[in-house]
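Read through the structure below, which is laid out as structure tokens, and then see the notes.
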Amino acid sequence: MPQNLTNFDKALKEWYGPKMVTVLNDLTKVLKLFTKNADQTLAVDGRRVVFPIHHGRNAGVGAIGESNTLPVADYQQTSEVRIPYRWNYLRVRLSAQVMKASETSKGAFKKAMTLEMQRGINDLARSRNRQLFGWGVGMLCRVSGQQASGTTLNVKNGLGVSSNGGVAPARYIRPGDNIVFVRNTTPTSALDADIVASSVSDTVDSLNTTINTITFDAATGATLNDNDMLIFSPGDSSTQSSVNREVMGLLGLVDDGTYLTTLFNISRSTVPEWKSSVIALNGDLTFQALQRVESLVNRNQGGLINQLISEHAVRDEYIRQTIVAKRFVGPQNMKPDAGIFAGGLTDQVEWNGHGWMADHMCPFGTVFFLDTSTLERYVNCEGEWANEDGSILGRV
């Protein structure tokens, strides 16, 4: 019998590649749309960020007849914006043995300490990117229908967006996430006290291929009602969660009151200028519909749109329609570019002279028309490793 690979297998060596390859999507595009602290000379600290807005005109104007009563004196109306701070944390833990075993390139592709700390920062950035598309509540999705305690759960409405229905509602959740269930018909008023009694902090074990069900490592511990919210529990606690502790995102900022009737202390019911213009397209993504949105914004808010952002499928449908409608009028336009910027499809395309960016965290079926000059983030503490006691690492 000849020597062959099967027989010689024990004598063969492994050949290792030069580096570790990351296959995770780390893109966090939306953050760069927000400028940081317009006045860089001022430290953002204290209780919260406060500034006034001017939203109402003096009504004491108008044409009158000769010797008639002058207009009733009125005043310019202002209100106070109050932006609370929100904090996000990352924690890593390693054994002394794994740190020693991975100190050299001969023993590991990367030091365990380096991998955990550097990649952990990317994980925190990914969470922040998701939050920037939400509305501060921290809702990942909702329970679909009443369900008895069990390890498998049907879910709906990713980020709480009801129009998405059953389209990949659990795509913001990953295996290993710790989840609690919160019950409150007014999500913006929900507290840790609203965590469903007798339920547990469940760790996500897997998601099915259609991402409409979640499998946990243990039974949920309680009967869950339709529309109960799934919220992160970073500390893996059945009494603590992230509910109403996340940063404010685009669903709350670009809103007509569907998600938030009060944004940063100002009621959209009493101050209609604080509302955004929202149109339900119901799948009708056409050039006319897009223009209708921009015209509505220009008429109602007087804003100057300079940036659109959506999930990839919506952006790609716009590209498809643009290419079909392309006209060629000269040798310089022999190739249909669909208004694509220099960065190509991986960057953004163009609508009416505005950039159209795609971000995988954006809610399905939604396009945000933004005036980025109004988007600002106030940073109380830029990302850093905690060392108040003089040491980043502590023994556990």
Rounded to the nearest 500 deg cm²/dmol, what is the calculated helix-only ellipticity per residue at 222 nm for the chain, with -39500 (n - 2.57) per DSSP H run of length n ≥ 4? -4500 deg cm²/dmol
Could you work out the Rg to Rh ratio of the stretch 12-81, with Rh taken as the Kirkwood radius (inverse of the mean 1/r over all Cα pairs)? 1.49
Length gain on complete extension for the stretch GLU388 to LYS106, per 0.36 nm per residue less the alpha carbon to alpha carbon distance? 98.0 nm
Write down the percent of antiparallel bridges among all DSSP beta bridges whose residues are both part of the chain, to the nearest 5. 85 percent
What whole-number distance in Å separates the alpha-carbon centres of the stretch 290-317 and the stretch 230-258? 26 Å
Would you mind computing, in nm to one decimal, how far apart the modelled labels at ASN298 and LEU124 are, each placed 7 Å from Cα along Cα→Cβ? 4.3 nm
Tilt relative to the chain, helix 287-300 - C-alpha long axis, 0 to 90 degrees, to 10: 60 degrees
With DNA, RNA and ligands ignored, accessible area of PHE8 (1.4 Å probe; Å², nearest 10): 90 Å²
Solvent-accessible surface ranking, highest first, for LEU24, LEU260 at 1.4 angstrom: LEU24, LEU260
Please compute the per residue accessible area over the stretch 46-132 with all protein chains in place, 1.4 Å probe, rounded to a whole number of Å². 76 Å²
Roll a 1.4 Å probe over the protein chains and send me the accessible area per residue for the stretch 230-299 in Å². 49 Å²
nm² value of the averaged projected area, convex hull over the Cα atoms of the stretch 1-160: 24.9 nm²
Express in nm, to one decimal, how much length is gained between TYR85 and ILE323 on full extension, taking 0.36 nm for each residue of separation and deducting their alpha carbon distance. 81.2 nm
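Averaged over all directions, how much area does the convex hull of the C-alpha atoms of the stretch 68-165 cover when projected, in nm²?
Reported value for the Cα convex hull: 15.1 nm².
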With T = 4 °C, eta = 1.567 mPa s and Kirkwood Rh from C-alpha pairs, the Stokes-Einstein D of the stretch 108-178 in µm²/s is about 91 µm²/s
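Leaving out ligands, DNA and RNA, what percent of the accessible area of the chain is carbon and sulfur, probe 1.4 Å?
Carbon and sulfur together cover 52 percent of it.
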Rounded to the angstrom and largest first, Cα extents along the principal axes for the stretch 71-127 equal 85, 17, 13
At 37 °C in a medium of viscosity 0.692 mPa s, the stretch 178-272 has a Stokes-Einstein diffusion coefficient, with Rh taken as the Kirkwood radius over alpha carbon pairs, in µm² per second, of 221 µm²/s
Leaving ligands, DNA and RNA out of it, rank MET139, MET20 by accessible area with a 1.4 Å probe, largest first. MET20, MET139
How compact and how long is the chain, expressed as Rg and Dmax of its alpha-carbon atoms in Å? 26.2, 121
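The values are calculated or read from the model by the stated rules, or taken from the named source; none is laboratory data. Since we're looking at a predicted model, the values are computed, not measured. Please note: Cβ atoms are built from the backbone with ideal geometry, for glycine as well, and neighbour counts cover all protein chains shown. To get the accessible areas, we keep the full protein, side chains included, count just its heavy atoms, and leave off ligands, DNA and RNA. Shrake-Rupley method; radii C 1.70, N 1.55, O 1.52, S 1.80 Å.
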